[in-house]
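Read the structure below first, then the notes.
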Amino acid sequence: MKIGWIGTGIMGASMAGHLHAAGHELFLYNRTKEKAAPLLARGARWCETPAEVAGNGEFVFTMVGFPRDVEEVYFGEEGILTADGPCRIVIDMTTSSPGLAGKIADASTAKGISSLDAPVSGGDIGAREAALAIMAGGDRKAFDEASPLFQTMGKTISYMGEAGSGQHTKMCNQILIAGTMIGVCESLLYANKSGLDEDTVIDIIGKGAASSWCINNLGRRIAQGNYDPGFFVEHFIKDMGIALREAESLDLTLPGLALVHQLYIAVKAQGHGRSGTQALMLALKNLNGENRRQ
Ligand code: NAP
């Protein structure tokens, strides 16, 4: 099948790679062409614009960074929705706002094509290992048609309801991750201060009731002093901002989420916007005076 793919960053490159490995013909676009180079070397075809991608692929997937990037690739001058061609189904896998998913659904319907919002969870490792959880909203028939393609990238795939439901589900995921990340960092900070070996602590508490993907993957990176990005701090701040705005519109107060959002703004202000989300540990260390001059 001919498939268009836009966004070949940390997540998108691995996910598109699984579609290519499954035998599909890939038409690619990314803002920075070099990041598509490994897929182009394996036989994927380069397109100069999102419109050119949509002029070639029957399905068009997008996995870009922020809602403003999603706006640009769908509604820009050379955006997907300006194209005429074989594109039948568009699928945005970016973590973006439920409202924007609805706007894409309306504009797609007006053009006679179907759309899905299908954000993912599972991190850089889940993307590499084709083990993502994929939560989709939008047209049910399009979801059924896209399911075999989702199965090349993920292990758990769920249809959640009308357009925007995938993004709402992803917000539930991010609210849970926010609470988990502060727990992971405070737990390991305490381990370190009390003279325990962080890895040995993770070996045991990562198997009990406090077990989570975050302690077992990001906790390990913290123990190694590795703050490289699997998931960028600036993307997590974006997600928490979307969740807080959505919650406010529902008259819902989420004080835990608001606190973690504020802490991550501090992490970014300390120069770690492009570090991995485990860099929350660095802000907590600062709060505890660990980097203070003696
Ligand atoms: P990333 O590495 O920054 O990838 C995003 C890619 O989209 C980049 O290659 C970027 O181009 C490209 N892009 C941005 N705007 C574009 C535009 N207007 N036109 C064409 N290409 C554009 O980020 P990521 O970690 O893969 O994350 C992608 C999305 O998935 C984000 O919404 C993130 O919140 C979400 N997510 C991430 C993870 C994770 O663990 N990393 C997990 C689940 C969900 P450049 O190469 O020029 O920057």
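The values are calculated or read from the model by the stated rules, or taken from the named source; none is laboratory data. Because the structure is a prediction, the values reported are computed rather than measured. Because the Cβ atoms are built from the backbone with ideal geometry, glycine has one as well, and the counts that use them run over all protein chains shown. For the accessible areas, the whole protein counts, side chains as well, though only heavy atoms, and no ligand, DNA or RNA atoms are used. Shrake-Rupley method; radii C 1.70, N 1.55, O 1.52, S 1.80 Å.
Can you tell me which residue among Ile80, Ile104, Ile113 is away from the ligand (no atom under 13 Å from the Cβ), closer than 19 Å to Lys2 by Cα, open to solvent by less than 30 Å² (accessible area, probe 1.4 Å) and among the β-branched types (Val, Ile, Thr)?
Values: Ile80 fails: away from the ligand (no atom under 13 Å from the Cβ); Ile104 fails: closer than 19 Å to Lys2 by Cα.
Going through Ile80, Ile104, Ile113 in turn, just one is away from the ligand (no atom under 13 Å from the Cβ), closer than 19 Å to Lys2 by Cα, open to solvent by less than 30 Å² (accessible area, probe 1.4 Å) and among the β-branched types (Val, Ile, Thr): Ile113.
When segment 88-101 is examined, which residues are found to be more than 30 Å from Cys214 (Cβ to Cβ) and open to solvent by 20 Å² or more (accessible area, probe 1.4 Å)? I'd like the intermediate steps shown before the answer.
Narrowing segment 88-101 to residues more than 30 Å from Cys214 (Cβ to Cβ): 88-90.
Across segment 88-101, the qualifying residue is only Arg88.
Here are Gly123, Gly164: which of them is on the phi > 0 side of the Ramachandran plot, touching a Phe, Trp or Tyr at 6+ places or on another chain (Cβ under 9 Å) and within 16 Å of the ligand (Cβ to nearest atom)?
Working: Gly164 fails: touching a Phe, Trp or Tyr at 6+ places or on another chain (Cβ under 9 Å).
Testing whether each residue is on the phi > 0 side of the Ramachandran plot, touching a Phe, Trp or Tyr at 6+ places or on another chain (Cβ under 9 Å) and within 16 Å of the ligand (Cβ to nearest atom) leaves just Gly123.
Restricting to segment 171-214, and then to whatever is among the polar types (S, T, N, Q) and over 27 Å from the mean Cα position of the chain (by Cα), can you tell me which residue is surrounded by the most Cβ atoms within 10 Å (Cβ to Cβ)?
Selected residue: Asn192.
Report, by residue number, each residue of segment 104-133 that is more than 23 Å from Glu72 (Cα to Cα) and of a type outside the set (Asp, Glu). It would help to see each step written out before you state the result.
Here is the first cut: in segment 104-133, the ones more than 23 Å from Glu72 (Cα to Cα) are 121-133.
Those that are more than 23 Å from Glu72 (Cα to Cα) and of a type outside the set (Asp, Glu): Ser121, Gly122, Gly123, Ile125, Gly126, Ala127, Arg128, Ala130, Ala131, Leu132, Ala133.
How many residues are hydrophobic (A, V, I, L, M, F, W, C), more than 15 Å from Thr180 (Cα to Cα) and part of a helix (DSSP H, G or I) if we restrict to segment 191-232? Steps first, please.
Let us first name the residues in segment 191-232 that are hydrophobic (A, V, I, L, M, F, W, C), namely 191, 196, 201-202, 204-205, 209-210, 213-215, 218, 222-223, 231-232.
Cutting the leftovers down to more than 15 Å from Thr180 (Cα to Cα) gives us 191, 196, 201, 204, 223, 232.
Checking which are part of a helix (DSSP H, G or I) leaves us with 191, 201, 204, 223.
Going through segment 191-232 one residue at a time, the tally reaches 4.
Among the residues of segment 117-137, which ones are assigned to a strand (DSSP E or B), farther than 17 Å from Gly17 by Cα and open to solvent by less than 10 Å² (accessible area, probe 1.4 Å)?
Asp117, Ala136, Gly137
Filter segment 233-257 down to the residues that are outside any helix (DSSP H, G or I) and farther than 15 Å from Gln167 by Cβ, then identify the one that is most open to solvent (accessible area, probe 1.4 Å). Before the answer, list the steps.
Let us first name the residues in segment 233-257 that are outside any helix (DSSP H, G or I), namely 250-254.
Applying the additional criterion that residues be farther than 15 Å from Gln167 by Cβ yields 251-254.
On the way: Asp251: 147, Leu252: 94, Thr253: 112, Leu254: 46 Å².
Among those that are outside any helix (DSSP H, G or I) and farther than 15 Å from Gln167 by Cβ, it is Asp251.
Those residues that are more than 21 Å from Leu149 (Cα to Cα), open to solvent by 30 Å² or more (accessible area, probe 1.4 Å) and either more than 10 Å from the ligand (Cβ to nearest atom) or touching a His at 6+ places or on another chain (Cβ under 7 Å) (or both), I need them from segment 53-77; list them, please.
Selection gives Phe75, Glu77.
Within segment 27-42, how many residues turn out to be within 20 Å of the chain's Cα centre (by Cα) and within 9 Å of the ligand (Cβ to nearest atom)?
Total meeting the criteria: 6.
What is the one condition in (1) open to solvent by 40 Å² or more (accessible area, probe 1.4 Å); (2) within 23 Å of Ser187 (Cα to Cα); (3) within 16 Å of the ligand (Cβ to nearest atom) that Tyr264 does not satisfy?
Looking at each condition in turn, Tyr264 falls short on (1).
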